[in-house]
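Novice: To start, I am sharing the structure in question, which I have written as structure tokens.
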Amino acid sequence: MSTETTASVSTHILDTSVGRPAEGVAISLSARGGSDAQWQALGGSATDADGRCKDLPALPEGTTHVRLDFETEAYFLKSKNQQAEAQQDAPANRDSGATGAFFPEVAITFAVTPGEHYHVPLLLNPFGYSVYRGS
């Protein structure tokens, strides 16, 4: 697979409620070749201790759109008690619902161009998130 005919993707997650990387978040990668094409699940991985996901599957040739699905609910359930200890009035302890996450999953879809690398960081907290094209 030539890097001139395919795009590549990487990501990382920062939990802005505690100012630390989000470890252990499952991420799934899907791709399609055109706006009318069906999504093809390519596989996934999970973030490491630095919040990075370095081993996402390669994109097939002809990919025009990519979707990253972040499974944030399990992360917030696991870290809810840790956040409470770190912050006495942590937002995760207030009205985030039964699961501890207002956004139990985050799906980010973006367009890609062959030969380009796309680093898409997720800034995450129990009540919001932000993404951008990084470098």
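The values are calculated or read from the model by the stated rules, or taken from the named source; none is laboratory data. In this text the structure is predicted, and so the values were computed from the model without any measurement. Methodologically, a virtual Cβ is constructed for each residue, glycine included, from the backbone with ideal geometry; neighbour enumeration extends over all protein chains shown.
Novice: With respect to residue 30, is the statement that it is within 18 Å of residue 71 (Cβ to Cβ), without any contact (Cβ under 8 Å) to a residue 40 or more places away in the chain and part of a strand (DSSP E or B) true? Break it down into steps so the answer makes sense when it comes.
Specialist: Working: within 18 Å of residue 71 (Cβ to Cβ): yes; without any contact (Cβ under 8 Å) to a residue 40 or more places away in the chain: yes; part of a strand (DSSP E or B): yes.
Yes.
Novice: Could you please find all residues in region 33-43 being surrounded by 12 or more Cβ atoms within 10 Å (Cβ to Cβ) and either out of contact with any Gly (no Cβ under 7 Å at 6 or more places or on another chain) or touching a residue at least 40 places away in the same chain (Cβ under 8 Å) (or both)? Reasoning before the result, please.
Specialist: Residues of region 33-43 surrounded by 12 or more Cβ atoms within 10 Å (Cβ to Cβ): 33, 37, 39-43.
If the condition is that a residue be surrounded by 12 or more Cβ atoms within 10 Å (Cβ to Cβ) and either out of contact with any Gly (no Cβ under 7 Å at 6 or more places or on another chain) or touching a residue at least 40 places away in the same chain (Cβ under 8 Å) (or both), then 37, 39, 40, 41, 42, 43 are the ones that fit.
Novice: Just to check your reading of the model, which residue among 106, 131, 112 is closer than 16 Å to residue 7 by Cα and either modelled with pLDDT under 85 or hydrophobic (A, V, I, L, M, F, W, C) (or both)?
Specialist: That would be 112, the only listed residue that is closer than 16 Å to residue 7 by Cα and either modelled with pLDDT under 85 or hydrophobic (A, V, I, L, M, F, W, C) (or both).
Novice: Here are some conditions: (1) surrounded by fewer than 14 Cβ atoms within 10 Å (Cβ to Cβ); (2) on the phi < 0 side of the Ramachandran plot; (3) at pLDDT below 95. Residue 74 meets all but one. Which one does it not meet?
Specialist: (1) is the only condition that residue 74 fails.
Novice: Something else now. Just checking, how many residues over region 8-27 are in a loop (DSSP other than H, G, I, E, B) and in contact with a Gly (Cβ under 7 Å, 6 or more places away or on another chain)? Walk me through how you get there before you give the answer.
Specialist: Restricting attention to region 8-27, the residues satisfying the condition of being in a loop (DSSP other than H, G, I, E, B) are 16-19, 22-25.
Cutting the leftovers down to in contact with a Gly (Cβ under 7 Å, 6 or more places away or on another chain) gives us 22-23.
Count: 2.
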